[in-house]
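Only one structure is covered here, and it is reproduced in the block below.
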Amino acid sequence: MKPINRERPVRVGLVSLGCAKNLVDAEVMLGTLLRDGVEITNEASKADVVIINTCSFIDSAQEESVDTILESAEVREAKARGQGLIVAGCLPQRFRDELPGLLPEVDAFMGIDQVAQVTSIVNQALAVRAVKLGAGWGAEIGRRKAEITTRLAEVDAARKGGKSAAEKSSARKALGLPSVHAPASPLVAVNLRPRYIPDYATPRFRLTPRHFAYVKIAEGCNHPCSFCIIPRMRGSHRSRELGDVVAEAKALIAGGVKELNLISQDSTYYGMDLRRDNSRAIASPDRFNAAVKSMPSETPAICALLRELNALPGDFWIRLLYTHPAHWTDDLIGTIAKAKKIARYVDIPLQHIHGNMLERMRRETSQQYIVDLIRRIRAGIPGIALRTTFIVGFPGETEECFQTLLDFIREAKFERLGVFTYSQEEGTRAGKMAGQLSDKLKKQRRDLAMAAQHAVAMEVAESFVGRTIRVLVEREAGAKELKGARISSWEHGLMRSQDRHSDQLKGRYLVARGEADAPDIDGRVYVRGNLPSGEFARVRIIGHTDYDLIAEPV
């Protein structure tokens, strides 16, 4: 649908929160808008419509989303009262029915399935806003973020137990959720069980630097993890066709991309839904391996995709993100070992190591299985860097369970590691479990886990000194960056505490990344010298901070 008739094109501003998968959705929205003649602006006050692409992964991400929405509404009231406000992404997916009442200042809510219909939704949001302004209506601004986020948690609690529509309506009234006192109700375009996934033909405007890109190979998740709300928000696992992914990769490489970051909720599950008579009940390692072995050779799975991408001409890295420990096979280990373009880096969130915690988390793996898997990966792929995340403070986590995790962190010596404090998400199995721990204890355990990893990180960094490695140069480092800013993301937990040795970084440095460093979530290589940005280079490691390396060009 083309923009409505105006003296000039509609201008849209977009804020994207959350993970790289959300970022790709934002890129698709921008690409679609540009194709349809809409202008994109970075100045919110000059936008006709602002889109907030939200995250609802854990409480903190949800609070950030609500805060951003309210801040945008405040800016609009002060500077651009005719501006439409659209809320997209995971928050509407999770609270489709409740958000119109809680956020009456929003003119349209859109879900994951609607990202390619964004131009039509922009036009409808403008129409809703025009009706509101014509009636002299203005939303109440300045309401506390805590009020809304508390209500959302109450809504989730009220939805427990499979209540009927009438019971849900009664629960909503009991919570006192406000209704929309506005001349025009917002557009609500959200499918509760998303099915959409972009393909190569989908317009896309990349928000990453020219030298790296995220390639979404699948969407949704079939895993039963007791702590996670993602399957309910993003839908069941659905893979893109192999040829479609390869076509996108070819175009990106031709455009100068030096690093393809493959992303999905579970990249190791890629293609399993494309096989004949596929069953969703293959989360466990035994069932998964049996399914892989029974597949016809022509079935596209992750190993086939990696081999196809590795065979493409050009000088680039392939980085495999978001793998599940239950879905590693000997074929995958062998494929990575033989493929020269696949970065020697594995992202494999383990979440815990104690058997009781793994069972309560419904991770489909045991402690011995994980120990054996790490041994197999390190033995089969020399020079591999392993990164993982753990959750501390999960319901029922005893001191013994936590000490087992600390011992494992010290013994496994992960090159990269992040730690979450457990977030009690309503609507999940874990949210209803007995044995919930206090926030104070969860924070103490996170600090202890990060202290254990800090010692490992120092040891890992020291082992690089004197070595020559290949890096991808990003840009010149800013003064703030040289002070050792924290690295964290909603899907990777707290990655580092304050870097106590960053004061040795003075002067002009370039920021680069080695094979062991994924964009935005891992460490950096600070290079003292002149090198072209967006290109590979060989550097010699001459020192390190707590978490980062210091180098000079070879």
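The values are calculated or read from the model by the stated rules, or taken from the named source; none is laboratory data. Computed from a prediction, not measured in an experiment: that's the story for all the values here. Here Cβ is always computed from backbone atoms with ideal geometry, including for glycine, and neighbour counts include all displayed protein chains. We work out accessible area using only protein heavy atoms, side chains counted, and drop any ligands, DNA or RNA first. Shrake-Rupley method; radii C 1.70, N 1.55, O 1.52, S 1.80 Å.
Data for the structure
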item: Average accessible surface area per residue within the chain, 1.4 Å rolling probe, Å²; result: 40
item: Prolate/oblate/rounded label for the range 41-92 (Cα gyration tensor, a/c 1.5); result: prolate
item: Neighbourhood net charge (15 Å Cβ-Cβ; Lys/Arg +1, Asp/Glu -1) for residue 247; result: -1
item: Mean Cα-pair separation over length for the chain, i.e. relative contact order, pairs under 8 Å, 6 or more apart, %; result: 10
item: Rounded to 10°, Cα long-axis angle of helix 59-79 versus longest principal axis of the chain; result: 50
item: Ordering of 83-93, 24-34 by burial proxy (mean other Cβ atoms within 10 Å per residue, highest first); result: 83-93, 24-34
item: Over 29 Å (Cα to Cα) - which of 79/443; 293/340; 293/413; 413/443; 216/293 fall in this group; result: 79/443; 293/413
item: Label selected from (1) 1.04; (2) 0.96; (3) 1.09, the criterion being Rg/Rh (Cα atoms, Kirkwood Rh) as computed here; result: (2)
item: Within the chain, percent of DSSP bridges classed antiparallel, to nearest 5; result: 35
item: Nearest-ten-degree value, helix 285-294 long axis tilted from longest Cα axis of the chain; result: 90
item: Calculated FRET efficiency for the pair residue 398/residue 60, C-beta based, R₀ 25 Å, to 0.05; result: 0.50
item: Sparse-neighbourhood loop sites, trypsin sites (Lys or Arg not before Pro) in the range 1-97 - DSSP loop, at most 11 other Cβ within 10 angstrom; result: 6, 81
item: Hits among aspartates and glutamates - C-alpha to C-alpha of residue 442 under 20 Å, sequence gap 8 or more where chains match; result: 59, 63, 359, 397, 399, 400, 407, 425, 426, 491
item: Carbon plus sulfur fraction of accessible area for the chain, probe 1.4 Å, in percent; result: 50
item: Ranked packing of 380-388, 464-472, most packed first, by mean Cβ within 10 Å; result: 380-388, 464-472
item: Share antiparallel - DSSP beta bridges, the range 188-334, percent rounded to 5; result: 20
item: The range 334-368 versus the range 66-94: alpha-carbon centroid distance in Å; result: 38
item: For the range 6-65, projected area of the alpha-carbon convex hull averaged over all directions, nm²; result: 4.4
item: For residue 440, solvent-accessible area (1.4 Å; no DNA, RNA or ligand), Å²; result: 150
item: Evaluated at q = 0.12 Å⁻¹: base-10 log I(q)/I(0), Debye formula over Cα of the range 216-269; result: -0.35
item: Charge dipole of the chain about the Cα centre (unit charges at C-beta), most positive-ward option of 14, 326, 31; result: 31
item: Residues with amide H under 5 Å from that of residue 551, placed H, sequence gap 5 or more; result: 526, 527, 528, 542
item: For the range 268-401, average projected area of the Cα convex hull in nm²; result: 8.9
item: Theoretical FRET efficiency, 1/(1+(r/R0)^6), r = Cβ-Cβ of residue 439 and residue 78, R0 41 Å, to 0.05; result: 0.70
item: Cα shape, the range 332-405, gyration tensor, a/c 1.5 rule; result: prolate
item: Cβ crowding within 10 Å averaged over residues, with 355-364, 51-60 ranked highest first; result: 51-60, 355-364
item: Point-to-point label distance, residue 528-residue 284, nm (Cα→Cβ direction, 7 Å offset); result: 5.6
item: Gained length - residue 375 relative to residue 294, 0.36 nm times residue gap less alpha-carbon distance; result: 26.6 nm
item: Angle between the chain longest axis and helix 165-175 axis [Cα atoms, degrees, rounded to 10]; result: 90
item: Expected 222 nm ellipticity per residue - DSSP helices of 4 or more, -39500 (n - 2.57), all of the chain, to 500; result: -11000 deg cm²/dmol
item: Qualifying aspartates and glutamates (Cα of each under 13 Å from Cα of residue 338; at least 8 residues distant if same chain); result: 308, 330
item: Selected from 479, 532, 126, residue furthest toward positive end of dipole (the chain; charges at beta carbon); result: 126
